[in-house]
1. Give the residues of the stretch 181-218 whose amide nitrogen is closer than 14 Å to a point set 7 Å from the Cα of Asp60 in the direction of its Cβ.
2. Under the Karplus relation 6.51 cos²θ - 1.76 cosθ + 1.60, θ = phi - 60°, what is the ordered set of whole-Hz ³J(HN,Hα) values for the stretch 311-323, x standing for Gly and Pro?
3. Taking the Cα centre of the chain as the origin and placing charges on Cβ (Lys, Arg +1; Asp, Glu -1), which of Ala338, Thr68, Ala209 is farthest toward the positive end of the dipole?
4. Using a 10 angstrom cutoff on alpha carbons, build the Gaussian network for the chain and name the most mobile of Val71, Val170, Val31.
5. Under the rule that an exposed site lies in a DSSP loop and has at most 16 other Cβ atoms within 10 Å, name the longest stretch of the chain with no GluC sites (Glu not before Pro) of that kind, not counting the sites themselves.
6. So if I average 1/r over every pair of distinct C-alpha atoms in the stretch 259-341 and take the inverse, what Kirkwood radius in Å does that give?
7. Taking only protein heavy atoms into account and a 1.4 Å probe, give the accessible area per residue of the chain in Å².
8. In debye, nearest 20: dipole of the chain around its Cα centre with unit charges on the Cβ of K, R (+) and D, E (-)?
Amino acid sequence: MKSYCKKYLLFLILLLTFSISGCGEEEQIKVTDTRFSMDTFVKIDAYSDKPGEARLAIDDAMQTFQKTAQVTDRFNDGGPGSLYEANSKAAAAPVTLAPQLAGLLNYLDHQPDAQLDIAIAPVVDLWQLARSQNRLPAPEKLQESLRHTGKDKYHFDAAAQTLSYNDPDVKLDLGSVAKGYAVGAAAATLKKHSGITCALINAGGNIKAIGNKPGNMPWRVAIQHPRDPEAFLGTVMLHDGQSAATSGDYQRYYELNGIRYHHILDPQTGQPSRLHQSVTVIAPSALDADYHSTLFFLLPTTEIKNRLTAAKDLAVVIVENDGSIFVSENLQQTWQPAKGI
């Protein structure tokens, strides 16, 4: 359990049937590359009438993804300005951040939601140890770890691009957003290459559409059933520029006395959130999708509905704790439930 919100193969299964032609007027060739990063497989499918240029573009995008992964990983040394360095040194003196990490923290600094706490690493580590020993964290240790969480325990200086900690025991964990951020960065790199006509990036279920799929149609993706690994709930569509991400209780978990203890922790209690089985968010950016899928997993559906009223560019599919499904109004026309759902 490397982070309290790493999606670990979120299982938005792509239902794609590609043809040789489609994205533009000229014949298009599909170029595919798959690499392993952030504990998942990252796949880029790109279409171009210049496959040699497309391969170079994909390699460039993959390198961007990997660099973002390195600087946001708290477990491995990502070099100067990485999260690993900040977690090691920021309690003693401000650490100047790598541009990629500073950009992500700048985004998070403008999010007012206390329900999503990136300073929850001490609690995550406690649960990680408990899971390895097939037990629950001791209540007194859980309460002690919660004392070292919260936005007031660190300070990000956007102007200086530095990070400092007010508590020697605080550590940040960016698993709730890092993968989506890396997908967005890779997409931005890919779009700089004129040889790409359309593409799809899929990092373990964090998905970004660049252009529409061959035939100028939206990309249809299926959402994993949270209680049946061999089934899916239904399908949604991604149009040019849209992204999707899912948070669920069905991947990183263990059971004791018939109770499931998963990796998405409520920062108020330090306990796994019990409100939903899974939350899928479609958003304009991969970072927005990743962030809100985690945030919404920690919020009751009534509050999510209120937020959707103001955030018209977000759409959701929620599997409640009792197995019922809520689909936001802006997906009603394109949502296709699986047979038997």
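The values are calculated or read from the model by the stated rules, or taken from the named source; none is laboratory data. Quantities reported herein were computed from a predicted structural model and do not represent experimental measurements. Ideal geometry is used to build each Cβ from the backbone, glycine not excepted, and the neighbour counts take in all protein chains shown. For the accessible areas, the whole protein counts, side chains as well, though only heavy atoms, and no ligand, DNA or RNA atoms are used. Shrake-Rupley method; radii C 1.70, N 1.55, O 1.52, S 1.80 Å.
1. Under 14 Å, as judged by backbone N against the label point of Asp60, lie 186-197 of the stretch 181-218.
2. Listing the rounded values in order: 9, 5, 8, 9, 9, 9, 10, 10, 9, 6, 5, 8, x Hz.
3. Result: Ala338, furthest along the dipole toward the positive end.
4. Checking each option, the largest mean-square fluctuation is seen for Val31.
5. On the way: sites that count: Glu25, Glu26, Glu27, Glu230.
Formally, the longest exposed-site-free interval is 28-229.
6. Result for the stretch 259-341, one decimal place: 13.5 Å.
7. For the chain, the per-residue accessible area is 43 Å².
8. 380 debye
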